[in-house]
Amino acid sequence: MSLPNDPLSDVPRTRLERARARLATNVGHGLPISIGLILAVSIVAGVLAFVFLNSAPPTTLTMASGPPGSAFRLVAEQYRKILAREGVTIQLTASQGSRDNLSQIAERKADVGFVVGGESLGADAPRLVSLGSVSYQPLMIFYRGKPKVLLSDFKGRRLDVGLEGSGAAALSQRLFEANGIKAGDGTQIGHAPSEVSVKALLDGHIDALFAMSDSTPTATMRQLLRDPDIHLFDFVQAEGYSHRITFLNRLVLPRGAIDFGEDIPAQDVSLIAPTVELIARESLHPALSDLLLEAAREVHGRAGLYKKSGEFPAPIEHDFAISADAARYYASGRGFFSRTFPFWIARLIERILAIVVPMTIILVPGIKIAPAVFRWRTESRIYRWYAVLQHIDRDGHQGPLNQAGFDALLHRLAHMETAVMKLAVPPAYGDLLYDLRGHIAVVRKGLLGRRPAD
C-alpha cells in the first residue's frame, strides 16, 4: 500500500507503466527522447551502411574463358578450383578469345574475364575496370619457307590470324597496319579455328599462322615448334614495336627452353607480347575482387618462361583503370579478417561491423553529449520565462500606473505563474524552478507596492 504523498500512488499498476512513471518523475521526458533520437539515427546509419556496402557477397561468379584447350581456359579452371575452396562457384563461359571475353563482360554475360592488353570497345563501352595484369601473352608467328627477317616480308602471303575475337586476330591487325599489309594487296588473311589452321600450315595450304595461347592450345604450339619444316618468327624489331605500341613488351624465348635435348629453339628468339589483364565490371564485389587476386597470385606468381617469381599479378593497366579495390589489395594485401578466417566467416564479421561501427560512431559521442543536451533543454524551459518576467517588471516601473494597467500586469503575472506551476522538471533541476517561482513572488510584491490609489 503506497503512502498518500507517494508521487506514484495514482499511476497504473502495470510494470511498464510504473517504470515509465518513475522515469518521468526522476529524469523527466527530455532525456529518454534525446537518447531515443540518437539511437534511431544510429540504427538508420547502420542500415544505410549495410545496404551501401552491399555486404552480402555473391557466391557465384561467371568468368569468360577461351576455347576448350586454350591457355585461358586452363587457367580459368585453376581459378575455379581455388575459389571453390572458399565456397565460391565460378561458372565458365566459352569464348573465341580475348576480344570476345571483353564483349561478354560488357554485355553482362560474364562478371570477369581475361583480356589481352590493347583491347578496347571504345568510349561508348560500359565502364569496366582492371584488376591488374596477370601474365604476358606472346604472339608467335609460325611459317614455312625461307627465313623471314621483317614482318613486312609476309606481305602477299597466305596468312591465318585465328578466330575473329581472339587476341591474335586483334594484335595481328594492328601489326599489319603498322607494316602496310592489308587485304587486297595480294595478302590473304584467314580466320580459321586453331586445329584447322595448324593442319593447313602443316599441309602447306597457308604460309604463316599467327597464334596466341588465348585461342591456341599450348600442346599445338609445342607441336609446331618441334616440326623441322616450321619456323618461329624472330621479331628483330621487338624493341621498336614496344616503343611504338605502348602495350607491347619485348620478350625472349631462350635457346633450348622448349626442349634442351633437341635444342628447341636453336637460338634465342625475340617476341612481342601484351600483358593479359583480369577485366571485371565496376560492380564486382570487393570480397570477390580480393579472392580473384589471391587466386591470381597463386596461379601466376610462380616463375615461368617469360616472368620472374612474384612478377604477377601486377597493377599494370592499359585501356581500363585499376579498380579501387584492386589498388587497395596491391597496396596492403588481403584484409585482416580475410587472412584470418574462412571466406564466409570473414564476410559475416564484415557485415556485422558494417552495422555496428556506424552505430558506435554515433552512439558513443551521442551518449556523452545527451546529458548536456538534456540539461540545456530543461534549463531553457525555465529560463525563457525570465524574459516574460522581466517585461512585466519593466512595464510595472515605467511611469505611474492606472487601475486598468495595474490589473493587466497582475493578470499577466498570474497567467505566467500558472504556466510555471505546470512545468515538470526532474528533481535535480528543482532549484531552478523554485528560484523562478521566488522571483515571480518578488516581482508581484514590487508590483503590489505600486498599486494605484483609489
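The values are calculated or read from the model by the stated rules, or taken from the named source; none is laboratory data. Note that the coordinates shown come from a computational prediction; the quantities given were computed from them, not determined experimentally. Backbone-built Cβ (ideal geometry, glycine too); neighbour counts: all protein chains shown. The protein model used for the area step is the full one, side chains on, heavy atoms only, and it has no ligands, DNA or RNA in it. Shrake-Rupley method; radii C 1.70, N 1.55, O 1.52, S 1.80 Å.
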* Which length gain, in nm to one decimal place, applies between Lys155 and Asn402 when the Cα-Cα distance is subtracted from 0.36 nm times their residue separation? -> 77.0 nm
* Under 21 Å Cα-Cα from Lys422, which lysines qualify once same-chain neighbours fewer than 8 residues away are excluded? -> none
* Asked: Leaving out ligands, DNA and RNA but keeping every protein chain, what accessible area does Ile189 have, in Å² rounded to the nearest 10, with a 1.4 Å probe?
  -> 50
* Asked: Any idea of Thr216's accessible area? Nearest 10 Å², probe 1.4 Å.
  -> 10
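How high is the FRET efficiency from Val373 to Asp431, r the C-beta distance, R0 22 Å, rounded to 0.05? Could you put the intermediate results ahead of the total?
Values: r = 20 Å, r/R0 = 0.91.
So the FRET efficiency works out to roughly 0.65.
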* Considering only protein heavy atoms, what is the solvent-accessible area of Thr246 at a probe of 1.4 Å, reported in Å² to the nearest 10? -> 110
* To do: Calculate, for the range 130-195, the solvent-accessible area per residue in square angstrom, rolling a 1.4 angstrom probe over the heavy atoms of the protein chains.
  => 41
* To do: Between beta-carbons, use under 11 Å as the cut-off and find the net charge around Gly186, counting Lys and Arg +1, Asp and Glu -1.
  => +3
* Structure fact -> One finds, for Val236 and Thr60 with R0 = 56 angstrom and r their Cβ-Cβ distance, a FRET efficiency to the nearest 0.05 of 0.70
* Surface accessible to a 1.4 Å probe, per residue, for the residues of the range 203-273, Å² -> 47
* To do: DSSP loop (so not H, G, I, E, B), at most 14 other Cβ within 10 Å: list which trypsin sites (Lys or Arg not before Pro) in the range 409-454 pass both filters.
  => Lys422, Arg450
* Within the range 204-309, which GluC sites (Glu not before Pro) sit in a loop by DSSP and count at most 14 neighbouring Cβ atoms inside 10 Å? -> Glu262, Glu282
* Structure fact -> Contour minus Cα-Cα span, His243 to Leu74, at 0.36 nm per residue, comes to 57.7 nm
* To do: Output the pairs from Lys109/Lys155; Lys148/Lys307; Lys81/Lys308; Lys81/Lys109; Lys182/Lys308; Lys109/Lys148 with a Cα-Cα distance over 30 Å in this structure; if there are none, say none.
  => Lys109/Lys155; Lys182/Lys308; Lys109/Lys148
